1. Name the residues in the stretch B:41-59 that are under 27 Å from residue A:109 (Cβ atoms) and touching a helix residue (DSSP H, G or I) at 6+ places or on another chain (Cβ under 6 Å), would you?
2. Go through the stretch B:42-58 and give me each residue that's farther than 11 Å from residue B:31 by Cα and surrounded by 15 or more Cβ atoms within 10 Å (Cβ to Cβ).
3. Counting residues that are touching a residue at least 40 places away in the same chain (Cβ under 8 Å), facing chain A (nearest Cβ under 7 Å) and closer than 28 Å to residue A:25 by Cβ, which helices (runs of 4 or more DSSP H) fully inside the stretch B:75-182 reach at least 3?
4. Residues of the stretch B:51-70 being in contact with a strand residue (DSSP E or B) (Cβ under 7 Å, 6 or more places away or on another chain) and not in a loop (DSSP other than H, G, I, E, B), which ones?
5. Which members of the stretch B:4-19 meet the condition of being part of a strand (DSSP E or B) and more than 7 Å from chain A (Cβ to nearest Cβ)?
6. Only residues that are free of Cβ contacts under 8 Å to residues at least 40 places away in the same chain, more than 7 Å from chain B (Cβ to nearest Cβ) and surrounded by 13 or more Cβ atoms within 10 Å (Cβ to Cβ): list them for the stretch A:20-39, please.
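Each reported figure results from applying straightforward, stated rules to the coordinates on display, with no laboratory input. These numbers were taken from a predicted model, which means no experiment stands behind them. Backbone-built Cβ (ideal geometry, glycine too); neighbour counts: all protein chains shown.
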C-alpha cells in the first residue's frame, strides 16, 4: 500500500513531527530574499539559501522573482506587483496546508482551487488621503475543494489549514519589521 | 533633457498623481491571484487580471508562480516557500518606492540592493507549542543604496518609501482576511 497521499509522504510528515518534538530547536528557520533594483519599479529577488534544522541550506535551485508595476501604475509590467505576490503567498500557504492536513486525515483530494482578492485604495500610498491606509483594506479567499470525503469534512480541512497558516498569521496579525540602511 | 530618472517617467508619475487627485475613485484597485493545487505542498498561482482606474484590466502577460516546500519540509522544492514570497514582496515594494521617491526628488540612483530575512519557529505551524505563533516572529530589511546624493538624503528616501509601502503596512499592521469554501 502506498504511503503517499495527495503527493504527501505521510510517514515522513509524521517522522518530521516526531523529530521536532524530540528536538524543538530544529524548527527554528530563517528565510531570506536578496533583492536588486533593475529600473523604475522593476526589481528582482534571488531566493536560494535558508537556515533550518540546525544548519544553513539551499533550495535545489535558485529562484529568481521579478516584480514591477503595470503601465497604469507607471511601471513596465515586468512582473506581478508586490501586493499580488502577497495574495499568491496566502493562497499557496493555505493550499499546502490543505494537502498536508488532508493527507494526515487520510482524505484523498482530487482538486483544490482558490481565488484570492485584495482591495486597496491607492490614495493611501500616493499620500493623497491621510485617512486611507497604504496596504490592503481587506482580503478574501474562496476555495473549491474536491476529494473522497463529505463537504463538511473537506471544509474542516480548510479551516485547520487556516488555523495553522504562517502567511495567514503574518497578514492578519502584526509582525515587527526593521528597515536599516548600510 | 530626459524626463526619465531611474527608469521612472517623472512627468507621467506626477500626471498620475494629479489624475487621482481629480478623481479619487480611480485609485480603487482589486488584485487577484488564482491558485491551483498541483501535488503535496506544490501549487501554482496565475496572476493576470486586476481592476483599477475604473475598469477590469490585465497585465501585458499572465504570470505563473510556483510555490512548494523544500525536502526538509516534506516538499518537492518546486518553488520558493509561501513565506519566502512574503519577503520578496516586501523587498520589491520598498525598492519600487525608493526608485519613485528618488526620481520625484531628482536623485539619480546607481544601485539599490536589499536583503530581507524572516525568523520563524515551525513549532507554531506544526502545532507542537501553543506559545509559538504560526508566522514570522520578526523580519529584518537591510538596504544598500547608491546615487548622486549624500548618505543622509539617500537614507531619507528609504524612510519615505517605508512610510508609504503597501506591503510594509500589510505585514506590520492587520488586514482582515475571510476564507470561504464553496
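1. Within the stretch B:41-59, B:41, B:43, B:45, B:47 qualify.
2. Here is the first cut: in the stretch B:42-58, the residues farther than 11 Å from residue B:31 by Cα are B:42-46, B:53-55.
Within the stretch B:42-58, B:42, B:43, B:44, B:45, B:46, B:53 meet the criteria.
3. Numbers: elements: B:82-104, B:151-163, B:166-172.
Those helices (runs of 4 or more DSSP H) span B:82-104.
4. Kept after step one, since they are in contact with a strand residue (DSSP E or B) (Cβ under 7 Å, 6 or more places away or on another chain), are these residues of the stretch B:51-70: B:51-52, B:56-59, B:62-68, B:70.
Scanning the stretch B:51-70 gives B:51, B:52, B:56, B:57, B:58, B:59, B:62, B:63, B:64, B:65, B:66, B:67.
5. Result: B:4, B:5.
6. Passing the criteria: only A:26.
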